[in-house]
1. Conditions: (1) of a type outside the set (S, T, N, Q); (2) crowded, with 18+ Cβ neighbours inside 10 Å; (3) more than 28 Å from VAL242 (Cβ to Cβ). GLY34 meets all but one. Number of the miss?
2. Could you grab me the full set of residues in the range 324-348 that are of a type in the set (Gly, Ala, Ser), within 10 Å of GLU75 (Cα to Cα) and crowded, with 17+ Cβ neighbours inside 10 Å?
3. Got a sec? Which of MET1, MET65, MET87 is more than 22 Å from the chain's Cα centre (by Cα) and within 18 Å of LEU327 (Cα to Cα)?
4. Out of the range 181-202, which residues are more than 12 Å from the ligand (Cβ to nearest atom), touching a residue at least 60 places away in the same chain (Cβ under 8 Å) and buried (at least 21 other Cβ atoms within 10 Å of the Cβ)?
5. Being in contact with a Pro (Cβ under 8 Å, 6 or more places away or on another chain) and in a loop (DSSP other than H, G, I, E, B) is the filter here; which residues of the range 81-140 pass it?
6. Step by step: first the residues of the range 93-139, then only those that are among the small types (Gly, Ala, Ser) and within 21 Å of MET14 (Cα to Cα), then the one that is modelled with the lowest pLDDT. Which residue is that?
7. Considering the range 1-53 alone, what residues qualify as being over 15 Å from GLY280 (Cβ atoms), among the small types (Gly, Ala, Ser) and within 11 Å of the ligand (Cβ to nearest atom)?
8. Quick one: would you say GLU345 is over 30 Å from VAL6 (Cβ atoms) and within 16 Å of the ligand (Cβ to nearest atom)?
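The values are calculated or read from the model by the stated rules, or taken from the named source; none is laboratory data. This one's a predicted model, so the numbers in the text were calculated from it and none came from an experiment. Neighbour counts run over all protein chains shown; Cβ positions are idealised from the backbone, glycine included.
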Amino acid sequence: MDLEEVRNQARIKMKGFCGVYKECDGDPSRLCQGHSYGGLGIGGVGSGASFANNVKALKKYSLRMRIVDDNSEPETGFDFFGFRASMPVFGAPVTGVNSFGGDAVITEKDFCHATVMGCRDAGTIGFRGDTYTYDYSNPETCHCLAAFKSAGGTGVKIMKPREQEVILREVRRYEDLGILAFGIDIDGCGSVMMNKHGKPVFKKTKNELRELASSIKLPFIVKGIMTVEDAVACVESGARCVVISNHGGRVLDHTPGTAEVLPEIAAAVKGKAMIIADGGIRNGYDVLKMLALGADAVLIGRDIVRAAAGGGVTGVKLQMDMFRDTLSKAMMMTGCRSLGDINREILA
Ligand SMILES: Cc1cc2nc3c(=O)[nH]c(=O)nc-3n(C[C@H](O)[C@H](O)[C@H](O)COP(=O)(O)O)c2cc1C
């Protein structure tokens with residue numbers, strides 16, 4: 001099986017809600033923006049502007065070739081809170097594909113397994129999210145637990161900003177499994193699916209974030225940051241990592257692209273917390289742009305969905321291998337021998 005075959009399989013399985021196009025850009029003409037399936041599906045909320053802006057923002061940059069050099073292989077390895085990953089590229093927390101695609105596309109259980117194990121097989125880390133089908137009073141519904149166990153703890157859990165007591169209680173299960181880090185997607189307060197299914201999600205105050213950061217024994221991550229003010233507040237509250245993200249354009253219409261806001265956020269918090277960015281990253285060239293704009297690492301969303309639907313664990317591994325290969329090529333052609341060599345100078 002190769003990635004082309006995985007994508008062909010995904011095109012068949014995801015018929016009606018994702019065209020598995022060569023370009024996944026949130027354009028209004030795309031199947032996912034058509035709303036013919038009666039919901040958000042895999043697209044962006046509303047006009048899709050936030051989703052499209054992610055892709056447009058990355059496209060504004062080009063790479064400067066620097067090839068008068070020797071032929072050493074670039075080093076892509078990255079330390080994530082004590083785990084040596086093969087690259088600073090991880091599987092994003094994506095959940096609920098079955099709730100609009102149906103179990104025939106992929107069940108949530110298989111999706112968790114494919115993401116976490118496929119990333120692990122590629123030497124990197126699968127993040128898992130949270131949606132309305134996760135009923136924390138019944139751990140059987142939280143399929144990420146079994147996936148993390150199979151992977152020996154190589155994974156990260158991102159919970160929705162539910163009631164504070166629920167987060168504080170449930171985090172213990174993840175601590176016991178010894179996963180690498182735990183966080184909340186604070187922008188989940190704008191989640192269409194949670195609200196539609198009557199699952200309360202909340203904005204979090206600085207004090208509540210401080211309480212989470214100080215009670216949780218794992219490195220604490222806040223995902224869904226789009227402004228300097230929020231990034232500074234999270235870091236001041238004890239977050240060890242902030243994820244610059246507009247949730248793939250799924251929580252608020254008309255936000256800028258993440259690559260647009262990343263440089264100013266990095267200028268404010270770089271070195272004080274790990275900076276992860278996501279949104280519209282489709283290959284290693286996009287990864288390199290995000291790293292040059294100030295990210296320490298990135299997450300991959302929709303491409304993981306297609307890879308898991310089309311090829312399960314193998315599909316995700318092949319997808320992540322593609323990211324490593326193209327990141328290595330991009331670094332080689334821009335004169336970056338290691339991640340530490342990457343900076344704004346490589347961008348045109
Ligand atoms: C179908 C779908 C479900 C998602 N579910 C979650 C989730 O449960 N938790 C979360 O933090 N982010 C969720 N996200 C957002 C992703 O983690 C990530 O931020 C986004 O997909 C990155 O953009 P990209 O898809 O263009 O790579 C979801 C995204 C999609 C497309």
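1. Failing condition for GLY34: (2).
2. Initial filter on the range 324-348 (of a type in the set (Gly, Ala, Ser)): 328, 330, 335, 338, 340, 348.
Now drop any that are not within 10 Å of GLU75 (Cα to Cα), which leaves 328, 338, 340.
Matches in the range 324-348: SER328 only.
3. Working: MET1 fails: within 18 Å of LEU327 (Cα to Cα); MET87 fails: more than 22 Å from the chain's Cα centre (by Cα).
Checking each option against the conditions leaves just MET65.
4. Passing the criteria: only ALA181.
5. PHE81, GLY129, ASP130
6. Per the criteria, the residue is GLY101.
7. Those that are over 15 Å from GLY280 (Cβ atoms), among the small types (Gly, Ala, Ser) and within 11 Å of the ligand (Cβ to nearest atom): GLY39, GLY41.
8. On the way: over 30 Å from VAL6 (Cβ atoms): yes; within 16 Å of the ligand (Cβ to nearest atom): no.
No, not satisfied.
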